[in-house]
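The values are calculated or read from the model by the stated rules, or taken from the named source; none is laboratory data. Predicted model, so just to flag it, every value in this text is computed and none were measured. Don't worry about glycine lacking a Cβ; one is built from the backbone with ideal geometry, like all the others, and counts go over all protein chains shown. Surface accessibility is based on the protein's heavy atoms, side chains included, excluding ligands, DNA and RNA. Shrake-Rupley method; radii C 1.70, N 1.55, O 1.52, S 1.80 Å.
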Amino acid sequence: AALEKMDVELAQTRMKGAIDMLAILDVQGGKADAYLIDYKSNHLGDKLGDYGAPSLNDSVLRSRYFLQALIYAQATLRLADSSGVELNALHCRYFYLRGVCADPRLGIWRWDIPVDALRRLDAALLPA
C-alpha cells in the first residue's frame with residue numbers, strides 16, 4: 001500500500017527549476033567529470049548537526065530532489081553527448097546553504113551516478 005501511495009505521489013509531482021551550476025572538467029584519458037551543483041535553502045534545524053547525512057537524505061526524499069537530480073543528470077549526459085564530450089563520472093552535489101560549513105560532512109548531499117547507469121536509463125526512456 002505504501003508503494004502504491006508513493007507511485008501516485010510521484011506521478012503527481014511537478015518539478016520546476018534549473019541547474020544552478022554545471023562544471024565539466026577534463027580529466028586524464030580524454031574523458032571528463034561533470035559536477036551538477038544545486039543550492040537549497042531548506043531549514044532542517046537550528047544546529048549544524050541538523051545538516052548531517054541522515055537529515056539531508058530525509059530532505060531529498062521528502063522533497064523528491066532525487067528525481068530532480070536524476071532529470072538534471074540525464075540532461076547533462078545528453079548535453080555532453082551532443083557536444084562530443086565523453087563523461088567519465090557524474091557527481092550531483094546539493095548544497096544546503098544553512099548547513100554548509102568547514103566540516104565537509106555537513107550541508108552537502110552527494111550522489112555519484114554511474115554514467116553507464118544513466119545510459120541504460122536513457123535507452124529505456126527513449127528506445128531506438
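Observations on the structure shown:
- Sorted largest first, extent of the chain alpha carbons per principal axis (Å): 45, 42, 21
- In this structure, the amide hydrogen of residue 87, modeled 1.01 Å from its nitrogen in the peptide plane, lies closer than 5 angstrom to those of 32, counting only residues at least 5 positions away or on a different chain.
- The largest accessible area among 119, 64, 98 belongs to the first residue in 98, 119, 64, and the rest follow in falling order (1.4 Å probe, all chains).
- Probe 1.4 Å, accessible area per residue of the stretch 51-128, Å²: 55 Å²
- Normalised Debye scattering of the stretch 11-71 at q = 0.15, 0.20, 0.22, 0.28 Å⁻¹ gives log10 I(q)/I(0) of -0.63, -0.91, -0.99, -1.20, counting only Cα atoms as equal scatterers and leaving out solvent.
- Once you reduce the stretch 12-80 and the stretch 81-128 to the center of their Cα atoms, the two points are 7 Å from each other.
- Tail weight of P(r) past 21 Å, computed on alpha-carbon pairs of the stretch 46-118, percent: 35 percent
- Using the Cβ of residue 50 as centre and a radius below 15 Å, the other residues enclosed give a net charge of +2, where K and R count +1 and D and E count -1.
- Local net charge near residue 123, Cβ-Cβ under 14 Å (Lys/Arg +1, Asp/Glu -1): 0
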